[in-house]
C-alpha cells in the first residue's frame, strides 16, 4: 500500500515523460535502410554529374567537322583528300560546285565551314557561321590554318552568320532550353511529391497531363518573352520560340512523369540523370556534337536538351533548316510520356476497380 502511494506523482507536479532512448536507438530509427539507399543514390547522381560534365568538356576534339571545298577540279582533288587525311580525322571534306552552293550548304546546316581556295593566288578564304556554335567555327579555322601552313598559304576568315550582339557567344539558345527543361521536370516532380508518384486513376492521370500542358504553354510564353522583347537575345521569332518552348517543357514534364510512374520516387532521380547529367553536356551548348567524345556525341541529339537547343538555334539563325529531326525527337518524348502515363493508369484501374456507387445503392435498396 505504501509503495503504491509512493509511486504516484505528488499533486501539482507534471507526469514524468518517457525515458529518452539511447543515441544508437535514435540513430537506427532516424537512418533507415530506405534513407541510406536514397542518400547513396544522391551521391551516385552527384558523382555522375561530375563525371559527365568533365568527361564531355575536359578535352574538346574535332571529329569529322563537315567542310565544303570550292576550287578548280585539279585543286579539289588535292585539298579534299588532304583534309580528310589529317591525323585524328578532324574534318570531313567534300567538294562543292560553286561558292553559292557551298554557302547554301553552310546556311542550311549541311556543313559547318566552307573553304574557298584561290587557284591564282596564295590567300584562301574560310566561311563560317558562328551562330551555329562558335567553338566549331574556331576549330574549323584551326584546321584550315593547319593545312594551309603546310602548303605555305594564308587563310582569311569570314563569319557569314554570327550571333546577334545581345547573344554573346551564341549560348542564349542553350540556356533558354536548359531553363525550359528545368521547369518541365521540376513541375512534374513537385506534382508527384505532393500527389503521389503514380496517379490514383485514369482521370487523375489526364488531369496531371492537362496541368502540365497548360504549364508548358505558359512556360514557353515566358521564355520567349525573356529572350525576345526583354533582352533581344533571340529576336524576331517570338511565335516560333513560344511553340518550341511549349514542346520542350511538355516533353520534359511528360517524360519525367512517365519515369516516376515506372520507378516511383526514384524516377525523379532518373529524370535528373537523363535530362541534366547526360542531357546538358551533350546538348551542343558550349561545344557542339562534333567536338564531343563519342558517347555524348551519340546521345545528345536523342535527348530533349540537345533537340531543343538545335531547334531554337536553327529556327533563329538558319531559317528553320534542319529542325524537323529535333522537333520529332521532342514530340516522341512528349508522346511517349503520355502513352506510358495513360497505359499505367489503365492498368491500375483494371487491377483496382473503383466501386460503382449506382450498383451499390441498387443492391442496398429494399
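Read-outs throughout are calculated quantities, based only on the coordinates presented, and are distinct from any laboratory measurement. The structure displayed is predicted, hence computed values, not measured ones. FYI the Cβ positions are ideal-geometry reconstructions off the backbone, even for glycines, and counts take in every protein chain you see.
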Quiz item: Taking the DSSP beta bridges in the chain as the whole, what percent of them are antiparallel, to the nearest 5?
Solution: 20
Practice problem: May I ask what percent, to the nearest 5, of DSSP beta bridges between residues of region 98-190 are antiparallel? | Solution: 40
Quiz prompt | Size-normalised alpha-carbon gyration radius of the chain, reference 2.2 N^0.38 Å | solution = 1.43
Practice problem: Any chance you could run the full-extension gain for residue 169 through residue 95? It's 0.36 nm times the residue separation minus the Cα-Cα distance, nm to one decimal. | Solution: 23.7 nm
Quiz prompt | Rg in Å to one decimal, and Dmax rounded to a whole Å, for region 257-352 via C-alpha atoms | solution = 15.8, 52
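For the ranges 32-41, 255-264, what's the packing order if you count other beta-carbon atoms within 10 Å of each residue, average per peptide, and put the highest first? Mind showing how you got there, number by number?
Values: 32-41: 10.7, 255-264: 23.1.
Listed from highest to lowest mean packing, they are 255-264, 32-41.
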Quiz prompt | At 1.567 mPa s and 4 °C, Stokes diffusion of region 144-239 via Kirkwood alpha-carbon radius, µm² per second | solution = 76
Self-check item: Per residue Cα convex hull volume in Å³ - calculated over region 65-162
Solution: 82
Practice problem: From the P(r) of region 166-351, can you give the percent of Cα pairs sitting at distances over 28 Å? | Solution: 23
Quiz prompt | Mean residue ellipticity (222 nm) of the chain, computed from DSSP H runs ≥ 4 via -39,500 (n - 2.57), nearest 500 | solution = -19000 deg cm²/dmol
Practice problem: Could you work out which residue, out of 349, 112, 228, moves most in a Gaussian network model of the chain, that is, has the largest mean-square fluctuation with Cα springs under 10 Å? | Solution: 349
